[in-house]
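Everything on this sheet refers to the single structure shown next.
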Amino acid sequence: MSDFVHGFWPAFITAISLGGIFGCVLLLWFASKVKVNVADDGSNGHVWDEDLREMNNPMPMWWVGLFIITVIFGLSYLFLFPGLGTYAGKLGWTEIKEYEAEVAKTNAAIAPIYAKYAATSVEDLAKNEEAKGIGQRLFLNNCAQCHGSDARGSRGFPNLTDHDWLHGGSPEKIKETIVNGRIGMMPPMAGALGTEDDVKNVANYVLSLSGSMYDSGRAGAGKAKFGVCAACHGADGKGNPMIGAPNLTDNIWLHGAGEAAIIKRIHEGKVNQMPAWQTKFTPEQIHVLTAYVWGLSNK
Amino acid sequence: MIDAKSRGVKETAIPLEQVVYSLYQSQDKIYPRSVSGIFNNWRWAMVWLTQLFFYGVPWLEWGQRQAMLFDIEAKRFYIFGLVFNPQDLIYLTFLLILSALALFLFTAVAGRLWCGYTCPQTVYTEIFLWIEAKIEGDRAARMRLDQSGANVKKVSRKFFKHVVWIVFSLWTGFTFVGYFTPIRELSAHLMQWSMGPWEMFWVGFYGFATYGNAGFMREQVCKYMCPYARFQSAMFDDDTLIVTYDEARGEPRGGRNKKSVEANAKLGSCIDCSLCVQVCPTGIDIREGLQYECIGCGACADVCDTVMDKMGFARGLIKYSTQNAMQQHWSRHQILQRVLRPRVLIYSAILGLLTLGLAISLYVKPSFRVDVLRDRTVISRISQDNKLENVYRIKIMNNAEVTQQYEVHVLADAAFEAEFSEMKSLPIDRARYVMDIKPGQERSLVMELKVADGVLNRGSHPIAFQVKSLGTQETTVEKSVFIITQ
């Protein structure tokens, strides 16, 4: 709750706050006891710098009243709200609670719109301009940081506008991805493949699958070793959306194209993660977002 | 206690009365006497001007809406044809600077002009005093009424006065709230007794503040609450016009003796009628010189002129004059010449320039707002056709009150290609995107800008986006950069 972790600081703040208020009260009480002698010209007889006279200008009584009201307000505030060190306040108010209440209020206000969308299928919703607008705003505020404003991704972050889906591109699969997030994991495979030469051969075979530039001699040699990779990527190299294994034949390279990049992946493997969004969004928001993302590649 | 002498304080020879005062004390009620005259007419002119504006403007319509409406919930301020968003806060800053400068200027020329003639505290006190005088009578009658014991006349008049005050205050509160929530809807709610709790609270709060400040606090607001009253003496100089008593002419003061002409000949023009003290809303005696309580209202000058007229003396025993003029016996012409001194000219020049600047910037203020955000994580991505690509988000907010059509294009090296949203990639001199945006709405246009590898060096290349409103032909250019990392 407090940024000051040491137990001294809450006590320090409490002491200053209360000490300040009581100090003011004491001053007010003390000043009300003071009486001054005043000459008939309204001054109290003190003169500085030749002719600077100190006049008696008593404060009005209502001012004292205001002062007392302020003190009462200050003490009540400190009693009701968290202001004194670690004391939580009688009302139990916190910023987090207030934020949550505001979010709940806003969600309640927009619930009818979302309820209407929730009853519509993803396919139909993707054609609804209004829902697309909401989906775009959700996407730009939450997803674009990784996938890009245009959803075409960049290295390490998948492009959502093509038909290449690591974990499946059906509305149900997209929704599952948003709700739970995804972890894609390829183990380092160099050891299983054999020598450095074998790794290079397999890399060239992989390049051949997508019609990229490759060394046909090496590719031929690598084909025999590809069996190790086929466990995940499939015998034909077209991947397996059940476990998020990428299709190696479509010339789409999430972690970089070319022989060097592929060799690096075989050596190092790769763990890539998309976070789960179910705590951030309501199910209805996820539905609208799913329709937006699905609509990007299904026009 | 520290000895006063050791701190350089000198005890004076003035004999101290053996009366002791507390540091706090109830203030005596002031009963300002009604007055008429040129300065009072000016004040009433300002009362009418400011109050016609205040009570009238919320009822004006502009197209389909209230002409002046500060819609806090929708975060939009409407002032006749102008629409302001939170992003336009700079104009409020401008306005405050202008107000402060205007205050400096007016104070340097003629002292507390604002206090004496246009400050809401003065204006409402004037109105409340007028109501009070109509119901309870003028100064003397009010004093008698207050001193009399409880009787039917006193209770009924006081009751009637407070009812009128409260009704007037509530109307003021209602008008005030009418600037923030449409006043026609508000009055409909009032008729049906269905105002919201916050509307009621603010009507009541502002009404209470008016009632309390103009009915009871009056001059004490100026004396104990207002910070401006305290620092404006720093803006005075010896050529500032202030309400001044001509001591040389007035003294020695004294009542006229009907029999002895000789005795009268020894006296100055001041007949010591004390009317100047009776009319003073802050209860001071202007004959003691300039005092911090003086709000420069000129009531004493007005009443003294009527007395001088009756006596057959020249007017102007109490008048607007300057300290220099009083010491050196300047003529009116000489005083006015000194108005054009460097301080005033500099204030005027800055005020004039800033006003002009504000007017121009409001005149050319586009009816839409453009922000360009470059994707920070997608830096020089390789596009599907093997070019270097940056992604931009162009946010356009339509501040106009009609749907507008906007055309976006990119100002950059001809080697670039632009791909707007779902359109094909085109060389930038041909790439245009046109979109409609509804009033008060904001839309984001996502676009890619790409260039073949090797055409440009690594680093940051300035580009710009030009957005044109096709309806109004207004154009805005927003700068950005294209970044190449490889």
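The values are calculated or read from the model by the stated rules, or taken from the named source; none is laboratory data. The structure displayed is predicted, hence computed values, not measured ones. When we count neighbours, we look across all protein chains shown, and the Cβ atoms used for this are built from the backbone with ideal geometry, even at glycine.
Side notes on the structure shown:
- Restricting segment B:35-48 to residues that are in a helix (DSSP H, G or I) and touching a residue at least 40 places away in the same chain (Cβ under 8 Å), the residue that is farthest from B:ALA214 (Cα to Cα) is B:ILE38.
- B:SER469 being surrounded by 15 or more Cβ atoms within 10 Å (Cβ to Cβ), at pLDDT 90 or above and touching a Phe, Trp or Tyr at 6+ places or on another chain (Cβ under 9 Å): yes
- B:TRP114 being surrounded by fewer than 17 Cβ atoms within 10 Å (Cβ to Cβ) and closer than 16 Å to B:TRP44 by Cα: no
- Scanning segment A:15-42 for residues being small (Gly, Ala, Ser), out of contact with any Phe, Trp or Tyr (no Cβ under 7 Å at 6 or more places or on another chain) and at the interface with another protein chain (Cβ under 7 Å from one of its Cβ atoms) gives a total of 2.
- The number of residues in segment B:394-423 being part of a strand (DSSP E or B) and without any contact (Cβ under 8 Å) to a residue 40 or more places away in the chain comes to 4.
- For A:GLY227, the conditions (1) surrounded by fewer than 17 Cβ atoms within 10 Å (Cβ to Cβ); (2) closer than 22 Å to A:THR161 by Cβ all hold with the exception of (2).
- The one condition in (1) touching a helix residue (DSSP H, G or I) at 6+ places or on another chain (Cβ under 9 Å); (2) without any contact (Cβ under 8 Å) to a residue 12 or more places away in the chain that B:LEU362 fails to fulfil: (2)
- Qualifying residue in segment A:89-112 (condition: small (Gly, Ala, Ser), touching a Pro at 6+ places or on another chain (Cβ under 8 Å) and without any contact (Cβ under 8 Å) to a residue 12 or more places away in the chain): yes
- Within segment B:237-257, one or more residues are surrounded by fewer than 18 Cβ atoms within 10 Å (Cβ to Cβ) and under 26 Å from the mean Cα position of the chain (by Cα).
- Take the conditions (1) of a type in the set (Ser, Thr, Tyr); (2) more than 22 Å from the chain's Cα centre (by Cα); (3) away from every other protein chain (no Cβ under 14 Å); A:THR177 misses just one of them, which is (2).
- Close pairs (9 angstrom Cβ cut-off, 6 or more residues apart or separate chains): facing chain B (nearest Cβ under 7 Å) and without any contact (Cβ under 8 Å) to a residue 24 or more places away in the chain in segment A:136-150, of a type in the set (A, V, I, L, M, F, W, C) and part of a helix (DSSP H, G or I) anywhere: A:SER149/A:PHE139; A:SER149/A:LEU140; A:ASP150/A:ALA144
- Complete set of residues in segment A:43-77 that are at the interface with another protein chain (Cβ under 10 Å from one of its Cβ atoms) and of a type in the set (Ser, Thr, Tyr): A:SER43
- Residues located in segment A:239-298, provided they are of a type in the set (Ser, Thr, Tyr) and in contact (Cβ under 8 Å) with a residue 60 or more places away in the chain: A:THR282, A:THR290, A:TYR292, A:SER297
- All positions within segment B:329-356 that are in a loop (DSSP other than H, G, I, E, B) and touching a strand residue (DSSP E or B) at 6+ places or on another chain (Cβ under 9 Å): B:TRP330
- Any hit, segment A:242-250, residues being among the β-branched types (Val, Ile, Thr) and touching a strand residue (DSSP E or B) at 6+ places or on another chain (Cβ under 8 Å): no
- Selected residue (only one of A:ASN37, A:ASN57 is out of contact with any strand residue (DSSP E or B) (no Cβ under 8 Å at 6 or more places or on another chain) and exposed (fewer than 15 other Cβ atoms within 10 Å of the Cβ)): A:ASN57
- Whichever residue in segment B:442-460 is part of a strand (DSSP E or B) and among the acidic types (Asp, Glu) and, among such residues, is nearest to the other protein chains (Cβ to nearest Cβ): B:GLU448
- Considering B:ARG381, B:ARG374, the condition of being touching a strand residue (DSSP E or B) at 6+ places or on another chain (Cβ under 6 Å) and either modelled with pLDDT of 90 or more or of a type in the set (Ser, Thr, Tyr) (or both) is satisfied by B:ARG374 alone.
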